[in-house]
Amino acid sequence: MDYYVGNGVYDFLSRCKEKENFFWTSGNLWILVYGDSNYEPKVVTVASGNPLNIVITEAEMKAVKVARQLVEGTDIGVNFVRFNLCKPINQVAYWNPGMARIPIISSEELKNRFRQYGLEMNEMSAHKSINDKSSSPYHDWQRAHMGDSVIVADIDLIRYQGEEIREIIELKRSYIDIEKWEPYKQDYKNFILLSKLARRRELDFFIVYNHRTKTPFFDDVSKVKIFAFDHRRQICCRFLGYRNIYQFAEGITKKER
């Protein structure tokens with residue numbers, strides 16, 4: 001079973017000439033950022049829904065490489081968790097830098113691994129899932145064992161300049177008219193976490209919104225709305241303007257650090 005499929009921005013980027021300037025995960029693969037109650041990023045996790053005993057796939061290796069690049073030069077950790085898509089999590093395949101192999105560990109041991117990064121594990125359920133449409137056994141495990149003291153956000157899109165990461169991009173879409181939509185205040189915890197990750201690496205962090213219609217269903221990416229988010233500023237979220245999707249792909253945004 002695949003989760004969270006069908007995204008107009010991804011569909012466009014996969015066909016455009018600037019495709020190689022972007023990275024995103026799809027299907028049963030996620031890059032997640034975990035932070036503490038102060039929104040400080042502690043570990044970037046590559047989570048993959050695959051049989052536990054298979055050889056690491058090309059997509060998994062690429063995602064791990066990107067995750068390591070995201071935290072390069074910082075004290076933020078990286079790990080890899082592979083889980084079985086078809087059943088609740090009792091065991092996972094687990095790896096972090098320095099390990100020569102990818103052993104299978106228990107759910108309880110996985111909790112201990114996250115504790116080692118300075119995250120508080122408890123039995124309280126988080127009030128907010130990452131994305132209701134992206135639920136998986138791993139996300140269910142996360143909600144069961146990581147409480148509100150742990151902030152979690154997923155990496156939607158990364159823009160490269162040559163071999164270097166330049167931007168972290170949060171993608172948003174809904175049925176709200178593009179002129180009226182604003183980032184939701186309840187998402188600011190996630191945005192602050194991603195902003196702190198970005199600033200640790202001197203990267204830009206943007207929120208990009210597109211409109212979609214219900215009937216007939218249409219994911220309209222012809223025009224996108226762009227916000228810059230910087231937790232260090234008094235007004236941390238600032239509207240930058242509208243771009244057509246070609247301009248967005250070409251990187252026409254206002255860069256500020």
Filter result for Tyr242 (farther than 30 Å from Lys111 by Cα and at pLDDT 95 or above): yes
Within the stretch 182-198, considering residues that are over 16 Å from the mean Cα position of the chain (by Cα) and part of a helix (DSSP H, G or I), the one farthest from Val152 (Cα to Cα): Lys185
Some residue of the stretch 149-169 being over 15 Å from Phe23 (Cβ atoms), charged (D, E, K, R) and either out of contact with any helix residue (DSSP H, G or I) (no Cβ under 6 Å at 6 or more places or on another chain) or not assigned by TED's automatic domain parsing to the domain that holds Gly35 (or both): no
Among (1) without any contact (Cβ under 8 Å) to a residue 40 or more places away in the chain; (2) of a type in the set (Val, Ile, Thr); (3) in contact with a Cys (Cβ under 9 Å, 6 or more places away or on another chain), the one test that Ile169 misses: (3)
Members of the stretch 213-253 that are part of a loop (DSSP other than H, G, I, E, B), touching a residue at least 40 places away in the same chain (Cβ under 8 Å) and within 19 Å of Trp181 (Cα to Cα): Cys236, Thr253
Matching entry among Leu52, Leu110 (being over 19 Å from the mean Cα position of the chain (by Cα) and part of a helix (DSSP H, G or I)): Leu110
Matching option when the condition is over 17 Å from Val33 (Cα atoms) and not hydroxyl-bearing (Ser, Thr, Tyr), among Ile176, Ile165: Ile176
Residues within the stretch 79-107 that are under 16 Å from Val43 (Cβ atoms) and assigned to a helix (DSSP H, G or I), tallied: 0
Lone unmet requirement of (1) of a type in the set (A, V, I, L, M); (2) in contact with a Pro (Cβ under 8 Å, 6 or more places away or on another chain); (3) more than 30 Å from Ser222 (Cα to Cα) for Ile54: (2)
Which numbered condition Trp181 misses (of (1) in contact with a helix residue (DSSP H, G or I) (Cβ under 8 Å, 6 or more places away or on another chain); (2) farther than 25 Å from Val46 by Cα; (3) aromatic (Phe, Trp, Tyr)): (1)
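Rundown of residues vs (1) surrounded by fewer than 20 Cβ atoms within 10 Å (Cβ to Cβ); (2) under 28 Å from Tyr188 (Cβ atoms); (3) modelled with pLDDT of 95 or more, yes/no style:
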{"residue": "Gly27", "(1), (2), (3)": "yes, no, no"}
{"residue": "Glu40", "(1), (2), (3)": "yes, yes, yes"}
{"residue": "Leu70", "(1), (2), (3)": "no, yes, yes"}
{"residue": "Gln91", "(1), (2), (3)": "yes, no, yes"}
Count - residues of the stretch 153-207 that are under 21 Å from Gln69 (Cβ atoms) and of a type in the set (Val, Ile, Thr): 5
Qualifying residue in the stretch 108-117 (condition: in contact with a Phe, Trp or Tyr (Cβ under 6 Å, 6 or more places away or on another chain), within 25 Å of Arg200 (Cβ to Cβ) and modelled with pLDDT of 95 or more): no
Every residue from the stretch 39-65 that is touching an Asp or Glu at 6+ places or on another chain (Cβ under 7 Å) and in contact (Cβ under 8 Å) with a residue 40 or more places away in the chain: Lys42
Members of the stretch 58-88 that are more than 30 Å from Lys196 (Cα to Cα) and not charged (D, E, K, R): Asn84, Leu85, Cys86, Pro88
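The values are calculated or read from the model by the stated rules, or taken from the named source; none is laboratory data. What you see is a predicted model, and the numbers here were worked out from it, not measured in a lab. Every residue, glycine as well, gets a Cβ built from its backbone with ideal geometry; the counts of neighbours run over all protein chains shown.
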